1. Identify, from the list Y61, Y43, the residue that is buried (at least 24 other Cβ atoms within 10 Å of the Cβ) and either of a type in the set (F, W, Y) or assigned to a strand (DSSP E or B) (or both).
2. Go through region 4-40 and count every residue that is in a strand (DSSP E or B), modelled with pLDDT of 90 or more and surrounded by fewer than 17 Cβ atoms within 10 Å (Cβ to Cβ).
3. Just the residues that are surrounded by fewer than 24 Cβ atoms within 10 Å (Cβ to Cβ) and assigned to a strand (DSSP E or B), please, taken from region 64-80.
4. Within region 51-106, can you find the residues that are hydroxyl-bearing (S, T, Y) and either in contact (Cβ under 8 Å) with a residue 60 or more places away in the chain or within 20 Å of A181 (Cβ to Cβ) (or both)?
5. Take the residues of region 112-128 that are part of a loop (DSSP other than H, G, I, E, B) and not acidic (D, E): which is modelled with the highest pLDDT?
6. Can you tell me which of (1) at pLDDT 95 or above; (2) surrounded by fewer than 17 Cβ atoms within 10 Å (Cβ to Cβ) is the one R180 doesn't meet?
7. Name the residues in region 129-142 that are within 15 Å of the chain's Cα centre (by Cα), surrounded by fewer than 20 Cβ atoms within 10 Å (Cβ to Cβ) and either assigned to a strand (DSSP E or B) or at pLDDT below 95 (or both), would you?
8. Given (1) touching a Leu at 6+ places or on another chain (Cβ under 8 Å); (2) over 19 Å from L16 (Cβ atoms), where does E56 come up short, assuming only one miss?
Amino acid sequence: MIEDIGHARGQEPMHLIYAGIIIYAGVIDKLCVTRSTLRRSHYYGHIVKSRARHTEISDSYLLGQGSINSREGDMPCGGVIEMTRVVIQKGPNADNNESFGVGLEPNHCRGRLHSESSFRLTDSWLIFDRPKGQFGYLRGYGKPVILGNKIIGLRTWGSFSDHSAVNKMYRSRAEAGLERAEIPRLSIPLPRELSAK
């Protein structure tokens, strides 16, 4: 569990996981986040920010909840991005509408994006509690694979291609069979206060 990082006195956003600061961009080969709960990044931080060549997230919760965070996933140098069996929740107080930013900072990545880049999100939940929820921004990629997910409250795909036909799309938690603030369960236990109904 990594939670509640960041405060208004900070000079920069406070990311819950920050792999590869600008001067080390491209040095990290792989970031793996598995069987983890990451929640409430404060002061406009991302839940996960990774400049690694390969970012893999599985069996984990990335939850904005009530914090004023930015994106749930920010991979500014691109790279191979694989996410499966993840619950991603964009909180109502988030600083922006999109959940993902991919390949948006080549100037902070030694002037270029990683040469090998792909984006894959499967068998996951995406819940947009922010009214204008947007999937995200994508630069420098071929066609992403976004398949077999359950997506609640998405208003637009942003610069990602529309994958509505290969995912289950819901307008609300109730339509998806969830209670008002319910977080779906994965194979790992939810924190106690989230698992209580």
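The values are calculated or read from the model by the stated rules, or taken from the named source; none is laboratory data. Just so we're clear, the structure is a prediction, and the values are computed from it rather than from any experiment. All Cβ positions, glycine included, derive from the backbone under ideal geometry; neighbour counts span all protein chains shown.
1. On the way: Y43 fails: buried (at least 24 other Cβ atoms within 10 Å of the Cβ).
Y61 is the lone residue from the list that is buried (at least 24 other Cβ atoms within 10 Å of the Cβ) and either of a type in the set (F, W, Y) or assigned to a strand (DSSP E or B) (or both).
2. Total satisfying the criteria: 3.
3. Residue satisfying the conditions is V80 alone.
4. Pass one, region 51-106, residues hydroxyl-bearing (S, T, Y): 55, 58, 60-61, 67, 70, 84, 99.
Of everything in region 51-106, those that are hydroxyl-bearing (S, T, Y) and either in contact (Cβ under 8 Å) with a residue 60 or more places away in the chain or within 20 Å of A181 (Cβ to Cβ) (or both) turn out to be S60, Y61, S67, S99.
5. Only one residue tops the list, namely S124.
6. Condition not satisfied by R180: (1).
7. Filtering region 129-142 for residues within 15 Å of the chain's Cα centre (by Cα) gives 129-130, 133-138.
Pick out the ones that are also surrounded by fewer than 20 Cβ atoms within 10 Å (Cβ to Cβ) and you get 129, 137.
Correct list: Y137 only.
8. Status for E56: all satisfied but (2).
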